[in-house]
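Take a look at the structure set out below.
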Amino acid sequence: MSWVSELSSWIKDAVSNNDDLLIVCMGTELRCDDVVGLQVCRILEKTCSNVVNVVECPGGLELCTHKIIEYKPRYVLIIDGVLANLKPGEAYFTCNVESLENFTPVTTHYIPLNINVKYIKTMVPSIKSICLLGIQVECLDLGTKPSAKVMESARIIALTLCDILMRDYS
């Protein structure tokens, strides 16, 4: 779980400066495991919404840019299902969102993620960092239930993230 130490360090940097952190979770319930980002968000809202702002963004980041602009965060963590040649449920963390190459977010994006990130940074120039926590999907079939393996990963990832937030915001 190398993503845990990288994410923990990134969050620690954000909170040590009393900077605002916003977590944006994307996905859709229509395509099997593509719901994984939304599932992480729902768990975070139940377990640690008292320490961090969380925005559910069904469908794609372009449908929520106005919310991000309203919050004016300094740090943004995007959580989404991905196709990254990892094992199903495995997480991937990067802050190099604008130049992703070997990575494909699987949400029903109308506008590519890197273009959305550039737009958000233009609209909120005080943003220091936008990072992505991607979770490898197993299934993307329309109308089927999410896989148990990926949903269990969503639960573990959300609880791990909440633990990091609680520790660093305390």
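Whenever a residue of region 110-131 is at pLDDT 90 or above, its partners that are open to solvent by 90 Å² or more (accessible area, probe 1.4 Å), lying with C-beta atoms within less than 8 angstrom and at least six residues away or across chains, give the pairs Val124/Lys72; Ser126/Lys72. Scan region 122-148 for residues that are surrounded by fewer than 17 Cβ atoms within 10 Å (Cβ to Cβ) and either among the basic types (Lys, Arg) or touching a helix residue (DSSP H, G or I) at 6+ places or on another chain (Cβ under 7 Å) (or both) and the total you get is 7. Looking at region 72-87, can you tell me whether even one residue there is free of Cβ contacts under 8 Å to residues at least 24 places away in the same chain and under 28 Å from Arg167 (Cα atoms)? The answer is no, given that none of the residues of region 72-87 is free of Cβ contacts under 8 Å to residues at least 24 places away in the same chain and under 28 Å from Arg167 (Cα atoms). The residue that is farthest from Ser49 (Cα to Cα), among those in region 149-170 that are polar (S, T, N, Q) and surrounded by 14 or more Cβ atoms within 10 Å (Cβ to Cβ), is Ser153.
Of the numbered criteria (1) open to solvent by 10 Å² or more (accessible area, probe 1.4 Å); (2) under 18 Å from Val35 (Cα atoms); (3) at pLDDT below 95; (4) out of contact with any Gly (no Cβ under 6 Å at 6 or more places or on another chain), the one Glu101 fails is (2).
The values are calculated or read from the model by the stated rules, or taken from the named source; none is laboratory data. Just so you know, these numbers come straight off a predicted model, no measurement behind them. With ideal geometry, Cβ positions are generated from the backbone for all residues, glycine too; neighbour counts draw on all protein chains shown. Protein only, heavy atoms only, side chains kept; ligands, DNA and RNA dropped before computing areas. Shrake-Rupley method; radii C 1.70, N 1.55, O 1.52, S 1.80 Å.
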